[in-house]
Every structure is written in structure tokens, then in C-alpha cells.
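Working notes, structure below.
The values are calculated or read from the model by the stated rules, or taken from the named source; none is laboratory data. Since we're looking at a predicted model, the values are computed, not measured. Neighbour counts run over all protein chains shown; Cβ positions are idealised from the backbone, glycine included. Note: accessible area is taken over every heavy atom of the protein model, side chains too, but ligands, DNA and RNA are not part of it. Shrake-Rupley method; radii C 1.70, N 1.55, O 1.52, S 1.80 Å.
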Amino acid sequence: MRVLCVAEKPSIARSISQILSGGRVETRATQNRFIRNFDFDYPQTNSRVTVTSVSGHLLAHDFPDNYRQWHSCDPISLFDAPIHSTVPAENKTIERNLMNEARSAQTLMIWTDCDREGENIGWEIVTVCRKAKPNIVVQRARFSAIIPQQIHRAAQHPVDLDLAQAAAVEARIMLDLRIGAAFTRMQTLTLQNRLPQFREKREVVSYGPCQFPTLGFVVQRYNQVKAFTPEDFWYILLSLNRGINGEEKKVDFTWRRGHLFEVVIVTEIYEDILENPRARVTKVTRKNTKKFKPLPLTTVELQKAGSRLLKLAPKKVLDIAEKLYQQGFLSYPRTETDQYDPQFDFMTLIGKQTVDPAWGAFATGLQQGSFTPPRRGKNNDKAHPPIHPTAHKANLVGDEKKVYDFITRRFLASCSKDAEGSETTVEVVYGGEEFYATGLIVLARNYLDVYPYDKWVGKEIPEFREGEEFEPTSCEMKEGQTTSPTLLTEADLVTLMDKNGIGTDATIAQHIQTIIDREYVIERMDGATKHLLPSTLGIGLVDGYNQIGFDRSLSKPQLRRETERGMVQVCEGTKTKDEMLMQSIEQYKDMYVIAKRDFDKVISVSLFSRIFYPLCWTLIRDRYRRVCVDTLKGMARGTQTVIKEVEAGVAVAVADGAGDQETTVVTTTMRTRPLFLPGTQVAAGVAEEPLLLPQEDVGVVLFLAYRGGHLLCQMPTMVSGLLLTLHVLS
């Protein structure tokens, strides 16, 4: 029997061939310079085997020619337009190789990655091979690591291809194509028609159903940071100096109330406390405590740890893990599972790590009795085990070494014991107020010896007895201030996306990279921490869509979460691909109609963000270059003229709302909000106060209102709508 085996990538085809053939393999070139065919006998199944590969997805999906050009149709028609699935020109050599090999094979065995995407690629391979041989028998090899045990078992015990998972991916591809093309064309063409800077740059303002909710999280946190107002609070700190092993140490007792925001109340409490000279110990509690070892490693946790601990982008971490998997050093790195099967062979894998100079002794200790089964998390995708090392790799350097070391140390730590300690809590009463101090002694580090990414530091406190009294060394009333939330890190964003069902464990990293590549988000280093800052265009698009008033905004996660749930239902067989597509397309089509109708709101906010934020900063920074009053009076001719004149040196303050049209310019009252510039602490605009402009600083004040895509001069009164106040400073 002749069996044609097709892997997802050339490197995996080579590795599978080496394992199954025992190194006795014949290699043939193909018309594709990256792909080889490997021939050998496999006596375990009495087969003659050819192993080849594709390079990811074999098919491409697109609209026919009469829909493909941007001006060929109304974008809304893309929701219902036909979609053709074809083999693109760059994959024609792969297609010909598969068809040639399929003609002489009785069985086609799919060796693509064992996830949802791999099932779909497998079905694409089946589709091509059946063009050459319609009755070819299709089987599926199921494996989680490229190691001999799993590869031989997969070859000898094939299963069926999961057509439901393949259908779910096809539905997602078609849905994303329709949604992305329709919204991208609509918002790009509208912005180009209405705003000259978009028309001149010819830039595409792309939309993606995962991309925009991801951007929405970044903008939401940015807005929270900018809207934050610090608030003062007060607290009481009690301290005592007492000897520990012959050395005097300071013990701080924390106020049980934490802190209060009313200074008068804290002051009264503090003054009452000081009338009592001594504090009394009311309770001393000693208990054993543990610091739990980490759970088995999932894809999402790997991405979060890669960003937070290794300082690597989530996509780069996954790319490195994928490469190490293809080389046979890691298990499949795309998994939601954080629990091992009871039959999992830990000792063989631990034994492979005993030769490592960094953690070999620890691995040996696990073999000699320190092993305890890993904790069991709550997730099991029934497809792959948690990520773990499958072989020892000694000669890695750079980022590959960082990723491999983390995964291996995580695996060994999960097989060790929890760290153990003894915790002492001392509770005291002083002047009727309760305080407490906590000490910790680490008794056994256990997993911490191999896992330096966790910290657990002991803090020794002196001996105290219940009922004893002491005179505090100091009692102070202190002031503090609430702190602003920080901008999102990549690890924070991965957590939010996973929690809200945006993307899958395998695609989250790519969505983050996409909004960075599109320049909707900027990476900013604050010390050693990378934060994500939305660009002015990113802010404008998200805030603009949010102002439209959707039931479920395009920048919020609800719609995409429903799509992901629909895909799961297709996988489970409770919903067909067509049912899922019909429901999702109708939802997004309704949203499209509303978005197009109210897109002026997006333009208004984008105009603020895209043009005037940067101009404010530039012009404030350049200290108000002089502008001729006669030139300014010509600014009403149109948007383009306005922009050119503003760039010539007008300092801009931005306000929203309407003023009293009966009053004069200088005394006009209007509600405004400061508009902070990304990456700066400079605010352009005025506070919520009457607009009082120092006469000596003002030559001319013009009011410009946004109406129907044009900036119109309104002087000297204001109108409702988008209001720009241009200050010509002398």
C-alpha cells in the first residue's frame, strides 16, 4: 500500500520522515525549491510512504474581479458577494506536486498541526488531492510533539479529519474577508474624500473584527489614564524598634483601616491615639503557609510571561516556540490545556534534563523523590497537553535560549513541590485603633530553586506575646495619593483579549502585532517596561465609533466574542457553518449601515485626533509664530486652506459644545475638556471655565465649525457641533 503523508511545513515533513524511516530515506526534489518529497518503507503498517508538505494555507479566498476593485461596487455589496477559493500562483507548484503524488497513492494521511487551523489546511489538501484521485482514502495523524513515540503512534493509529473544525475556520475566513473589506473600503474612501491629508497620503485605514476590539482596549485604558484625577488620602503608621538575634530592627504596623480620604477625621483619630502612651498585643498568630508552584503552561500564559518576564513581544515568543517545536525540542505550543493526563510520562522528560549544567541537579532531585504531580488547572482542549520540553537543547543563544529556558524551568517547577514557609501575624491595639504586622520565614524553597521568575522573600519580625504592652517608637500621620492606572502592557492586553474572547490562544499575538504594524498603536518604553500607546488615528477611530451609539460598538469585544462562540458551536456540531455565517453577516451588515450613516462622528473625532492634537503640540512647542491677520481672514475658503494656514503657525485650542451666541467673543462661556497629547503632559484647550482670553495675547479669534465635511468660518459667534477656537497670538 502506498501512503502519501502531507505535513503543514517543510521542516516538519523532514523531521517526520527521519523518525519514521529511521534515517533510511530517499529524497526527491519538486518544482518548489522549498519542498522535498521523502520516500521510504514503513514495515509497521506494510506501506511504502511518501512524505511531502505544503507551506501553510494552500487556498486563497477573494471576491471575483467585478468586486475586487475598490470603486467597482458599493462596499455594502461585499456582505453578499460571491467568494472564490482558488490556489494562488505562488502555490501552483505545491498543487501540482500533491496531485502527481496522489495519483499513485491509495491513502492520504494529513500531518498538519493538530488544531482548528490545521484541520482546515488538511481539508484544503484533501480538496486538491481529490482532483487527481477522487476515491483516495483520507486519514489524519494526531500528535502533539515531534518525538519518536508520538510520531510512530500517530502513523499506526490514524483518526478521521475533523470536518467540523475545518468548516469553522472556513466560516471565520469568509466572515473576516467580508467584514474587513466592507468596513475598510467604506472608512478609507470616506476619509479620503472628506479630509485632504488622507487623500494625499493614500493610506488605507483598515478595519478588522478582531483588530478593532484589540485597539479598543488600548484606547480605553489610555482614556482612563488621561481622565484620572489623583486624590489625597491619609493614614497612620505605627513603628517599633526591637531586637532580633542581637540586632535592632524596625517593625512597621499597618493601620487596619488602611487609609481614609477625610483629613479632618484622620487628624481627630490621630490626636486621640497620641493620648495613649502604650500599645497592647491582642493576638499573635503563627501558621504554615505555601507559595504555590505554577500551573502547567498554556499558550496564553506563555505570551503573557514572554512579555512580562522575558521582555519579548507575544508574537516573537510564539514564533520561537513554533521553531523549537518543529526542531523537536518542545511540544506543540498552541494549547489551552493546563492539566496533564494521568498517564503522562513525566520521568522520561525529566530524565532528559539531568545533563543540563543549570538545572540538571534539580531534575535529578525530582527523579530521586522530590517529584510531585503538577497542579491541575481548569482548562483542557482535549487536543494537546500543556507546553513542555521534549528534548534537551544545550547550544541555544539569545531569545531562543530565553524562551526554551523559561518553558523548561516552568515544566520542572510544575513537577516540584510548593514553597513552604511560616507566617506570623501580630495584632495590636493602640488608642482604640487596630494595627497589624506580618512576618515570614521561608522554610523550604522547593520549586523556587529552579524558577527564578517567582519571588518569595522572608521578613523576620521580633517575638511578641499576647497581652504584652509596649511603647511605640513612633506614631505618624502620613499623607498619600491615589495613583493613576498605567497604560497597557502587551501582557495586560493578552489577558484582556483572552478574557473577552477576542481571537484564540493561537491568534492573539498576531492581532496585537497587526495594530502595531498599522500604526494604530505605538510601543513606548518606560524604563524596562514596554507600554502600548494609541496613536492619534487610533484614538480618533475608536472614540468616533463609540460616539455613534451602537448597541454593541465596533470597538468593543461583544460582537467578536459572539462570533468566536459561533465557531465553537460549529466545531461542536450544534450549528452549521451556513447558520453561523448568516447570523454574523446580518449583525455586521446592520452595524455597517449605521456606521456609514453616522460616519461624520468618526470624522469629527478623527479630525481632532489626526490633525489638531499634533498641531497643538507642534505650535505650542514652537511658541506661536506670527501670522498676518489678513491671511487669517482668508481661512474660510475651505478645509485645505485652513489646514495650510494652521500649519503656518496658529496655536490651536479645541473645545466641544455650544456657546452663548448673544455674547461677545472674549466673554463667551462654553464647556470644554482638556485634550492631552499622546506621550506628553501638555494639554491643549481650556478648562471648564468662561473663555477669558488675555487681550494682550490675542490679535484675532476665529471660530470654525464642522458642517457637511467643510470647515466654515463663524465670526464672532459660535455654533453647535465640532468647535475649533483658533488663537492668533501676537
Exercise for review: Evaluate Rg over Rh across the stretch 122-278, taking Cα atoms for both radii and Kirkwood's formula for Rh.
Suggested key: 1.35
Review point. What percentages, rounded to whole numbers, describe P(r) for the stretch 299-416 computed over all alpha carbon pairs with 10 Å bin width beginning at zero?
Key: 14, 46, 35, 4
**Study point:** Overall dimensions of the stretch 214-308 as given by Cα atoms, namely Rg and Dmax in Å
**Key:** 22.2, 58
Exercise for review: Could you work out the equivalent-ellipsoid semi-axes for the stretch 180-247, taking the square root of 5 times each eigenvalue of the Cα gyration tensor, largest first, in whole Å?
Suggested key: 55, 16, 11
Practice item. Among the aspartates and glutamates, select those whose C-alpha is under 18 Å from the C-alpha of K283, and discard any that sit fewer than 8 residues away in the same chain. Key: D252, E423, E427, E433, E434, E460, E463, E466, E468, E469, E471
Check your understanding: Cα centroids of the stretch 495-569 and the stretch 163-191: how far apart, whole angstrom?
Key -> 16 Å
Review point. In the stretch 388-487, which trypsin sites (Lys or Arg not before Pro) fall in coil by DSSP and have 14 or fewer other Cβ atoms within 10 Å?
Key: K455, R465
Revision key, fill the gap. Checking the stretch 258-296 for chymotrypsin sites (Phe, Trp or Tyr not before Pro) in a loop per DSSP with at most 11 other beta-carbon atoms within 10 Å yields F261, F292
Check your understanding: Dividing the alpha-carbon Rg of the stretch 489-541 by 2.2 N^0.38 Å yields what?
Key -> 1.15
Point to revise | the stretch 392-480, relative contact order [Cα under 8 Å, separation at least 6], % | key: 24 percent
Point to revise | Computed over the stretch 438-510, the ratio Rg/Rh where both radii use C-alpha atoms and Rh is Kirkwood | key: 1.19
Check your understanding: Given the pairs K290/K417; K315/K575; K393/K455; K315/K401; K250/K459, which span a C-alpha to C-alpha distance of over 20 angstrom in this model?
Key -> K315/K575; K393/K455
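For the stretch 214-326, which whole-number percentage of the solvent-accessible area (1.4 Å probe, protein heavy atoms only) is attributable to carbon and sulfur atoms?
Carbon-and-sulfur percentage of accessible area, whole number: 47.
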Review point. If contacts are Cα pairs under 8 angstrom and at least 6 residues apart, what is the relative contact order of the stretch 299-416 in percent?
Key: 33 percent
Point to revise | Charge dipole (debye, nearest 20) of the stretch 2-161; +1 at Cβ of Lys and Arg, -1 at Cβ of Asp and Glu | key: 800 debye
Check your understanding: Taking only protein heavy atoms and a 1.4 Å probe, what accessible area per residue, in Å², does the stretch 299-416 have with all protein chains in place?
Key -> 41 Å²
**Study point:** Cα gyration tensor of the stretch 2-161 - equivalent ellipsoid semi-axes, whole Å, descending
**Key:** 33, 16, 14
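For the stretch 527-589, compute Rg over Rh where Rg is the Cα radius of gyration and Rh is the Kirkwood radius from the inverse mean 1/r over Cα pairs.
Rounded to two decimals, Rg over Rh is 1.16.
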Exercise for review: Could you tell me what percent of the accessible area of the stretch 2-161 is made up of carbon and sulfur, with a 1.4 Å probe and every protein chain present?
Suggested key: 49 percent
Check your understanding: How far apart, in nm, are the 7 Å Cα→Cβ label points at D590 and D399?
Key -> 4.3 nm
Revision key, fill the gap. Output for the stretch 151-238: trypsin sites (Lys or Arg not before Pro) sitting in coil per DSSP, at most 15 other Cβ within 10 Å, listed by number, reads R202
